[in-house]
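No lab work stands behind these numbers, since they all come straight from the coordinates. Remember, it's a predicted structure, so these values are computed and weren't measured experimentally. Backbone-built Cβ (ideal geometry, glycine too); neighbour counts: all protein chains shown.
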C-alpha cells in the first residue's frame with residue numbers, strides 16, 4: 001500500500017507496509033548520503049546520523065503516522081534538528097508519504113518542488129507482502145511425516161534393553 005515519493009529525485013517507489021525507509025531507498029538507488037555518510041555510515045544502526053530525511057506530512061491519507069514513532073535513538077540523536085527530520089535507518093514505512101532526502105543540503109526551488117509533488121496523487125502500491133515461491137529444496141511433507149512416525153528402534157550394542165540413555169544423560 002505505501003508509496004514513497006522522493007521529492008529531490010522526482011521518483012515514486014512502492015514498498016510493503018513495515019519496510020525500513022533506508023533499505024527501500026538504497027534498494028532503489030536513491031542517494032541518502034552526502035560525502036561524510038558515503039565514507040563512514042554505520043550501516044543502519046542509527047549511530048552516525050548521516051541518513052537524514054525530511055518527512056513532508058501533507059499527503060492525503062498519510063498523516064502523522066506515515067512512519068513508525070521516533071525511536072529512542074532518534075529522540076537522542078535528533079534533539080537539535082527540525083521535528084520533520086527522521087533517520088531513514090530507524091523509520092518503518094506504514095503509509096504513503098513524501099520524503100526529501102539530504103535536507104541538510106537544501107533543495108533548489110524547494111517550494112515549487114513540494115507543490116508539484118503534492119499536486120500529483122500517489123499511486124496505490126502493494127497491499128500485502130508477496131507469498132514466497134515454493135522451494136524445490138523443501139522435502140515432501142509426507143516423507144517427513146513417515147520419518148517422524150517410524151523412528152529407529154534398534155537396541156544398543158551395550159544393552160539389550162532398547163539402548164536408551166538414563167535420564168541424567170550418563
>> Kirkwood hydrodynamic radius, region 62-113, all distinct C-alpha pairs: what's the number in Å?
In response: 12.3
> What is region 3-119's relative contact order, in percent, from Cα pairs under 8 angstrom and six or more apart in sequence?
Replying inline: 39
> Arranged by the count of other C-beta atoms within 10 angstrom, fewest first, what order do 89, 42, 48 take?
Replying inline: 42, 48, 89
> In Å and whole numbers, how far do the C-alpha atoms of region 3-119 stretch along each principal axis, longest first?
Replying inline: 36, 29, 28
